[in-house]
Amino acid sequence: MILILFSTMNRQILIILLLSVFIALLGIGIIVPVMPDFATRLGASGTSLGLMIAAFSLTRGFFQPIFGSFSDRWGRKGFLITGLFIYGLVGLILPEAGSVANLIVIRSFHGFGSAMIMPVAMAYVSELAPSGKEGRYMGLLNIAIFSGIGGGPILGGFFADLWGMSAAFYAMAALSFLAMGLLIVKMPGMTEKKISPGTGLGIYRAMGRVFASRRTNGILLARMSTMLIMVPTMAFLPLLMHQKFGATGIMIGLIITVRTLINAVLQFPCGRMADRRDKTLLLTMGCLIISFIMVLVPLAADFLQLLLLYGVLGAGEALIWPVLGALASEDGRIYGHGTMMGVFNLAMSSGIFFGSLGAGLVMDFWGLRWSFITIGITVLFLSLAAIAMIRTGSAQGQRDITMQNAA
């Protein structure tokens, strides 16, 4: 009876968590197609756009390991609620930003709130995942994330075309507060007293253990390198489409939505493959696909070609995210789920940070087209190096286990 109750409670936690993440990320996705245009109307250059995104990634990246580790000790629900409250505030104050400098400050605050959401949500799911099913559970979380981000842009383009850019920002605020209310009312506190492995070490010693592992460093490098593409493919896409096609907000939103929804639809089957197949092989295939597509994007001649490329890009990403999530979840059992997911998401933020600065600088010096090509080539080389580290690190760990058992 207790096992049935525990299973039911875990199922309730998972459903409420996934629904809240979906609602929150739907709000974030709504502002994706309008933020670059909003910033350029305030006088932002390519470098300024990069700095605006980098500010978000910098604060989020710095605080994610801290909040992730704290959530291992103090419980996760409070961090999620506070982060969603900050998301709502950001949506309310963004339309009032009167300068690029103000946008950078607001986005920094936004990153602070984000640091309380994604690593904590991932740690929740990682704890709930049975051994051998990490890919499927992370696939479910990714479905919520990508469905929200994917559905948001087309809504954002629709709102902006009909009622102006401010409508998109206010919609983000409303959805964030809705997700916050759902967690307050429906999320049980069952796991709040649960202590994850590794929490007694303290944050600095736990981090030292994480970065001492070759396999874990490979996972983090793969996470960072594959996130380099996010700035050109999301933030710079509206600029590219305006230059090539004179695109409307709905067209921009549709491109982003197709890429992200394909990613979401394929998450669960790819998660099952990650649990059953060679993870490094799937990761290699996904990295090759996204690198190749990045180089082809600026060569697209029309809207339909770009739509097709983004669909393939979403399929390539669907191979990557469950694999990396499963690998991180496995290591979370060693270091503590919150700590591992905090560092894992720090790697993600680092990729967005370096990608935003690099893409912005390349755009200013060599043009928008070369920002896509340069990032694509960089992703290819870094991801292949990361995969080699994961393979050799996993092999070394298995040898160590064998030797310990023999002794």
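Being among the small types (Gly, Ala, Ser), surrounded by fewer than 24 Cβ atoms within 10 Å (Cβ to Cβ) and either under 25 Å from residue 239 (Cα atoms) or over 16 Å from the mean Cα position of the chain (by Cα) (or both) is a property that does not hold for residue 71. When the residues of segment 126-144 are filtered to those that are of a type in the set (Gly, Ala, Ser) and not in a helix (DSSP H, G or I), the one that is most open to solvent (accessible area, probe 1.4 Å) is 131.
Going through (1) crowded, with 20+ Cβ neighbours inside 10 Å; (2) in contact with a Lys or Arg (Cβ under 7 Å, 6 or more places away or on another chain) one by one, residue 240 falls short only on (2). For residues in segment 153-173 being within 14 Å of residue 260 (Cβ to Cβ) and either of a type in the set (S, T, N, Q) or open to solvent by 30 Å² or more (accessible area, probe 1.4 Å) (or both), which is modelled with the lowest pLDDT? In this case the residue turns out to be 154. For segment 78-98, filtering for residues that are open to solvent by 40 Å² or more (accessible area, probe 1.4 Å) and at pLDDT below 85 leaves 2.
Residues in segment 325-376 that are among the charged types (D, E, K, R) and touching a helix residue (DSSP H, G or I) at 6+ places or on another chain (Cβ under 8 Å): 330, 331, 364, 369. Taking the numbered list (1) crowded, with 20+ Cβ neighbours inside 10 Å; (2) over 19 Å from residue 29 (Cβ atoms); (3) at pLDDT 85 or above in turn, residue 108 passes all entries but (1).
Summed over segment 358-381, residues that are open to solvent by 50 Å² or more (accessible area, probe 1.4 Å) and within 14 Å of residue 53 (Cβ to Cβ) total 1.
Can you work out which of the residues in segment 328-346 that are of a type in the set (A, V, I, L, M) and open to solvent by 10 Å² or more (accessible area, probe 1.4 Å) is farthest from residue 273 (Cα to Cα)? Among those that are of a type in the set (A, V, I, L, M) and open to solvent by 10 Å² or more (accessible area, probe 1.4 Å), it is 346. Within segment 261-283, residues that are within 14 Å of residue 315 (Cβ to Cβ) reach partners that are surrounded by fewer than 18 Cβ atoms within 10 Å (Cβ to Cβ) with beta carbons closer than 8 Å, at six or more positions or on different chains, in the pairs 262/311. Candidates in segment 50-64 are the residues that are farther than 25 Å from residue 160 by Cβ and open to solvent by less than 10 Å² (accessible area, probe 1.4 Å); of these, the one that is modelled with the lowest pLDDT is 61. Which of the following residues is within 15 Å of residue 350 (Cβ to Cβ) and either over 16 Å from the mean Cα position of the chain (by Cα) or of a type in the set (Lys, Arg) (or both): 76, 60? Just one listed residue meets the conditions, 60. Within segment 174-222, the set of residues being modelled with pLDDT of 65 or more, part of a loop (DSSP other than H, G, I, E, B) and either on the phi > 0 side of the Ramachandran plot or open to solvent by 40 Å² or more (accessible area, probe 1.4 Å) (or both) comprises 212 only. If I filter segment 145-152 for residues that are touching an Asp or Glu at 6+ places or on another chain (Cβ under 9 Å), buried (at least 23 other Cβ atoms within 10 Å of the Cβ) and at pLDDT below 85, do I get at least one hit? Yes; the residues of segment 145-152 include at least one that is touching an Asp or Glu at 6+ places or on another chain (Cβ under 9 Å), buried (at least 23 other Cβ atoms within 10 Å of the Cβ) and at pLDDT below 85.
The values are calculated or read from the model by the stated rules, or taken from the named source; none is laboratory data. This is a predicted model, so every value here is computed, not measured. Counting neighbours? That spans all protein chains shown, and the Cβs are built from the backbone with ideal geometry, glycine included. Just so you know, the surface numbers come from the protein's heavy atoms only, side chains and all, with ligands and any DNA or RNA stripped out. Shrake-Rupley method; radii C 1.70, N 1.55, O 1.52, S 1.80 Å.
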